[in-house]
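Here's the structure we're looking at; comments come further down.
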Amino acid sequence: MKSNSELQQDVEEAIRWEPAMHDSEIGVTVEDGVVTLSGTVNSYCKKLNAENAAKKVMGVKAIIEEITIDYGTSFVRNDTEIATDVSNTWKNNRDVPKNNLKVIVEDGWVRLEGDIDWKYQEDSFRDSINRVIGVKGVISLIKIKPTSTKVLEKTEVENALRRNWAINSKDVVVQVNRNMLKLTGLVNSLYQKEDATRLAWNAPGVIFVKNDLEIIY
């Protein structure tokens with residue numbers, strides 16, 4: 001097991017290794033596998049890059065994010081300008097349905113509302129918003145309401161986990177209750193835990209995934 005100082009060093013190096021983060025000042029503190037990130041970056045995308053880099057480090061159990069965004073005076077934008085750019089990314093994203101969704105921007109925060117068929121559509125929409133200048137954060141209130149009538153199959157989810165080289169599927173238990181999935185068992189990193197959730201959401205007909213996987217290392 002890594003000490004707090006060893007894990008802190010690994011996270012700091014992982015963040016610095018990201019090309020876009022070389023000039024960013026991110027503070028890292030660690031307490032029993034819980035990593036706190038602090039500092040200031042000049043875009044929402046860099047904030048996410050720091051979080052994602054930390055998640056992939058072995059030994060990280062959870063992340064507390066206290067990073068602030070300062071776009072500087074050159075990139076001050078009002079909510080109308082941000083909303084316009086978000087709408088344009090929506091129009092150009094083929095994965096995202098054009099009906100049943102609503103975008104609300106308030107003080108740089110983007111709120112998403114509505115219903116969609118698949119979780120990946122929400123993820124794709126959020127990814128396209130991340131690079132919009134002026135965005136401070138994204139709050140998703142989107143609900144997954146699949147139109148597929150296919151019965152959720154436990155074996156399909158288990159096979160998807162088995163195909164993933166990063167996850168030891170023998171240590172993961174899949175439980176199905178109608179259109180809801182629950183994952184329990186063991187993984188070796190926060191990244192693996194989140195990847196298991198992503199794979200579970202790919203199952204046709206799923207409307208909710210509860211991830212109770214425990215991180216060990």
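Points to keep in mind about this one:
- Residue list for the range 115-134, restricted to those being over 15 Å from the mean Cα position of the chain (by Cα) and either surrounded by 17 or more Cβ atoms within 10 Å (Cβ to Cβ) or touching a residue at least 60 places away in the same chain (Cβ under 8 Å) (or both): Ile116, Trp118, Val132, Ile133, Gly134
- Meets criteria (part of a helix (DSSP H, G or I) and of a type in the set (A, V, I, L, M)) for Leu7: yes
- Leading residue by the ranking (modelled with the highest pLDDT) among those in the range 198-211 that are among the β-branched types (Val, Ile, Thr) and surrounded by 17 or more Cβ atoms within 10 Å (Cβ to Cβ): Val209
- Within the range 42-56, tally of residues that are in contact with a strand residue (DSSP E or B) (Cβ under 9 Å, 6 or more places away or on another chain) and not in a helix (DSSP H, G or I): 2
- Residues in the range 152-190 that are at pLDDT below 90, part of a helix (DSSP H, G or I) and crowded, with 16+ Cβ neighbours inside 10 Å: Ser169 only.
- Every residue from the range 99-133 that is part of a loop (DSSP other than H, G, I, E, B) and touching a strand residue (DSSP E or B) at 6+ places or on another chain (Cβ under 9 Å): Asn99, Asn100, Gly108, Asp117, Trp118, Asn130, Val132
- Unmet requirement for Asn88, which otherwise passes all of (1) in the same structural domain as Ile133 (by TED's automatic domain parsing); (2) surrounded by 14 or more Cβ atoms within 10 Å (Cβ to Cβ); (3) not in a loop (DSSP other than H, G, I, E, B): (2)
- Residue ID - surrounded by the fewest Cβ atoms within 10 Å (Cβ to Cβ), chosen from residues in the range 57-85 that are assigned to a loop (DSSP other than H, G, I, E, B) and aliphatic (A, V, I, L, M): Val76
- Residue within the range 94-106 that is surrounded by 13 or more Cβ atoms within 10 Å (Cβ to Cβ), within 22 Å of Glu194 (Cβ to Cβ) and of a type outside the set (Gly, Ala, Ser) present: yes
- Yes/no for Ile167 being outside the structural domain of Tyr44 (by TED's automatic domain parsing), under 20 Å from Thr80 (Cα atoms) and of a type in the set (A, V, I, L, M): no
Matching residues to (1) modelled with pLDDT under 90; (2) touching a Phe, Trp or Tyr at 6+ places or on another chain (Cβ under 7 Å); (3) assigned by TED's automatic domain parsing to the domain that holds Ala196; (4) among the basic types (Lys, Arg):
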{"site": "Val35", "(1), (2), (3), (4)": "no, no, no, no"}
{"site": "Val60", "(1), (2), (3), (4)": "no, no, no, no"}
{"site": "Lys98", "(1), (2), (3), (4)": "yes, no, no, yes"}
{"site": "Val110", "(1), (2), (3), (4)": "no, no, no, no"}
{"site": "Gly114", "(1), (2), (3), (4)": "no, no, no, no"}
{"site": "Arg126", "(1), (2), (3), (4)": "no, no, no, yes"}
{"site": "Asn130", "(1), (2), (3), (4)": "no, yes, no, no"}
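- Residues of the range 172-217 that turn out to be within 30 Å of Asn4 (Cβ to Cβ), touching a residue at least 60 places away in the same chain (Cβ under 8 Å) and polar (S, T, N, Q), as a count: 2
- Of the residues making up the range 8-34, just one is surrounded by 15 or more Cβ atoms within 10 Å (Cβ to Cβ) and over 22 Å from Lys46 (Cβ atoms), namely Gly33.
- First in the range 79-102 and without any contact (Cβ under 8 Å) to a residue 40 or more places away in the chain, second anywhere and in a loop (DSSP other than H, G, I, E, B) and of a type in the set (Asp, Glu), Cβ under 8 Å, 6 or more apart: Asp79/Asp107; Pro97/Asp117
The values are calculated or read from the model by the stated rules, or taken from the named source; none is laboratory data. Just so you know, these numbers come straight off a predicted model, no measurement behind them. FYI the Cβ positions are ideal-geometry reconstructions off the backbone, even for glycines, and counts take in every protein chain you see.
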